[in-house]
Amino acid sequence: VMAASKPVEAPGAGGGTAGLSRWQLALVLGAPILLGAGAIYLWGRRAARRGKGANERKTPEGRASPGPGGEGVSGQPDGPGHDEMSPLGRAQAAKNKGNKYFKAGKYELAIQCYTEAISLCPPEKNLDLSTFYQNRAAAYEQLQKWTEVAQDCTKAVELNPKYVKALFRRAKAHEKLDNKKECLEDVTAVCILEAFQNQQSMLLADKVLKLLGKEKAKEKYKNREPLMPSPQFIKSYFSSFTDDIISQPLLKGEKSDEDKDKEGEASEVKENSGYLRAKQYMEEENYDKIISESTKEIEAKGRYMAEALLLRATFYLLIGNASAAKPDLDQVISMEDANVKLRANALIKRGSMYMQQQQPALSTQDFNMAADIDPQNADVYHHRGQLKILLDQIEEAVEDFDECIRLRPNSALAQAQKCFALYRQAYTGSNALTVQAAMKGFEDVIKKFPRCAEGYALYAQALTDQQQFGKADEMYDKCIDLEPDNATTYVHKGLLQLQWKQDLDKGLELISKAIEIDNKCDFAYETMGTIEVQRGNLDKAIEMFNKAINLAKSEMEMAHLYSLCDAAYAQTEVAKKYGLKPPTL
């Protein structure tokens, strides 16, 4: 299912097993995973709902002596707390004068006062001195002098290493100076010191992680080696289409117009047709030769040119080369005399590609055009229903699944996904009665279609949400019985062990089994990396994320994985510099 294990996946890809999204994973495993899972914006929203920590931090330092763990963010300037005649008393008086200028918006004068406070303060008074530097940084911030802000905050942090306000102010200055790596390190330290409770720091961390991820993925994806997914993934992908000429067994439709007398001619066509050879390789699971054989058919402008273009485009998509797939899909779509099923299939695939590139308007347009030109094509409604789930248009998704079921009453997949859509709607609406009805719907689907692994997988997802862990585990076992080579199911079953029994060893054992079955299962490496972050094994986590990066099927996917990797790396740096670590399992 599209909405299963990836943020956005080509329909039918991802091994056909639904489960926890990456963002839900962060909720499952608890706050420490937050930075490891790049799910900071999610936690930020939760913090906002609790109304915690949304204060702006613009004011100068309030207390004379911030504690080592940082102070609140009220920012009220303090009154004179020392003997006015001692050096420290005179420094405090200068600081208080600076605070008055700051509040009046006279930042240049405030800076002069804070500078005076710094020069008067006895050097052994670390905490007071750190406050004066931090206050001067706040005034520089108002004047947008970012280099000076960073320098003063660095002084403040040297004097008081866990000074939250100075670390956060320096993070914002680094953001303005486009020092993303340094910004991420500072904001990571702040998140850990604040126990992931402050919305502002969480949102900055999420923002900088996404920017770093995008930047790195753009560079890496351009120069990546195309990689053929596992045979299991490819078969799962094709199984999500039933009205798809190119994935039908060899010569089913291609031989029907040949009489017996022409059988010799048919075998000759096969010898000379790159497309028919490509189909033969497909049956033999010799996938690496399909693009080159299809290209021969296209270059020869052969009888199966439209089919060859669509087959080549499909394999370009499977190896993650969307820019090569698009012109082939465009050409098939514009071939008015081609079989309408080929054109509709090309529109579904181009629509899915647009969704993966986060262009939902173009995606919707392609699916609608496919429904217009081939209204009896069940695949169109099945895949458009999945798109609607991703767009949170649940009622429209249910309508599409209903149309797919009307056209193809035995479509177990569409029935299971309709149940999942209804469940999602009931669950997000917190309606206990409709949740119950949706759960009964799953029971009906698995009774009616006991051989459909997807039905059990989606039911397991819903059961997990409902905390019915034992029954969810049984459903995953049924999936494994039906599809023992589906690596994704093992990953989801592994995650369930963590949520249900906090059993890390069993969870890791199942995810290792997934990798044994399919060593190209990026979801398994990513999940393992996320768990290693939880366990505090950051180097191992980074190694796992890097494996997943090399297997990523789209630039967007790769950007997400780089965010995870950068988050884990930032934690290792913060641990080295400040001895700070989030709690581990």
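The values are calculated or read from the model by the stated rules, or taken from the named source; none is laboratory data. As the structure is a computational prediction, the values presented were derived from the model and not from experiment. As a convention, Cβ positions derive from the backbone with ideal geometry for all residues, glycine included, and neighbour counts pool all protein chains shown. We work out accessible area using only protein heavy atoms, side chains counted, and drop any ligands, DNA or RNA first. Shrake-Rupley method; radii C 1.70, N 1.55, O 1.52, S 1.80 Å.
Annotations
- Filter result (more than 14 Å from M228 (Cβ to Cβ) and either outside the structural domain of K341 (by the TED database) or assigned to a loop (DSSP other than H, G, I, E, B) (or both)) within the stretch 286-320: A300, K301, G302, R303, Y304
- The stretch 238-288, subset at pLDDT below 50 and hydrophobic (A, V, I, L, M, F, W, C), residue least open to solvent (accessible area, probe 1.4 Å): A266
Results for (1) open to solvent by less than 10 Å² (accessible area, probe 1.4 Å); (2) farther than 30 Å from S352 by Cβ; (3) charged (D, E, K, R); (4) under 21 Å from the mean Cα position of the chain (by Cα), shown as yes or no for each residue.
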residue	(1), (2), (3), (4)
T527	yes, no, no, yes
Q534	yes, yes, no, yes
F545	yes, no, no, yes
A548	yes, no, no, yes
L551	no, no, no, yes
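- None of R408, R424, R350 is surrounded by 16 or more Cβ atoms within 10 Å (Cβ to Cβ), over 28 Å from A325 (Cβ atoms) and not hydrophobic (A, V, I, L, M, F, W, C) except R424.
- Subset of the stretch 289-314 [modelled with pLDDT of 95 or more, among the small types (G, A, S) and within 19 Å of S334 (Cβ to Cβ)]: S294, A306, A308, A313
- Picking from residues in the stretch 289-325 that are among the hydroxyl-bearing types (S, T, Y) and open to solvent by 40 Å² or more (accessible area, probe 1.4 Å), the one that is farthest from the chain's Cα centre (by Cα) is S292.
- Candidates D477, D465, filtered to the one that is closer than 20 Å to F442 by Cα, open to solvent by 60 Å² or more (accessible area, probe 1.4 Å) and charged (D, E, K, R): D477
- One residue stands out in the stretch 119-166 among those that are part of a helix (DSSP H, G or I), closer than 16 Å to L177 by Cα and of a type in the set (D, E, K, R): the one that is most open to solvent (accessible area, probe 1.4 Å), namely E148.
- Counted residues, the stretch 483-498 - those being open to solvent by less than 40 Å² (accessible area, probe 1.4 Å) and either without any contact (Cβ under 8 Å) to a residue 60 or more places away in the chain or over 14 Å from E516 (Cα atoms) (or both): 8
- Tabulated pairs, the stretch 564-578, first among the hydroxyl-bearing types (S, T, Y), second open to solvent by 10 Å² or more (accessible area, probe 1.4 Å) and outside any helix (DSSP H, G or I), C-beta under 6 angstrom, 6+ apart or interchain: Y578/P161
- Here the stretch 334-347 is the region considered, the condition is being in contact (Cβ under 8 Å) with a residue 24 or more places away in the chain and assigned to a helix (DSSP H, G or I), and the residue that is surrounded by the fewest Cβ atoms within 10 Å (Cβ to Cβ) is V340.
- Checking F196 against (1) in a loop (DSSP other than H, G, I, E, B); (2) over 30 Å from K100 (Cβ atoms); (3) open to solvent by 20 Å² or more (accessible area, probe 1.4 Å), the condition it does not meet: (3)
- Y562 vs. criteria in a helix (DSSP H, G or I), aromatic (F, W, Y) and under 30 Å from Q359 (Cα atoms): yes
- Failed item in (1) crowded, with 20+ Cβ neighbours inside 10 Å; (2) over 23 Å from the mean Cα position of the chain (by Cα), with G385 passing the rest: (2)
- Top-ranked residue of the stretch 61-118 - restricted to ones that are open to solvent by 80 Å² or more (accessible area, probe 1.4 Å) and not charged (D, E, K, R), ranked as modelled with the highest pLDDT: Q112
- Residues considered: D392, D366, D402. Of these, the only one that is assigned by the TED database to the domain that holds L342 and among the charged types (D, E, K, R) is D366.
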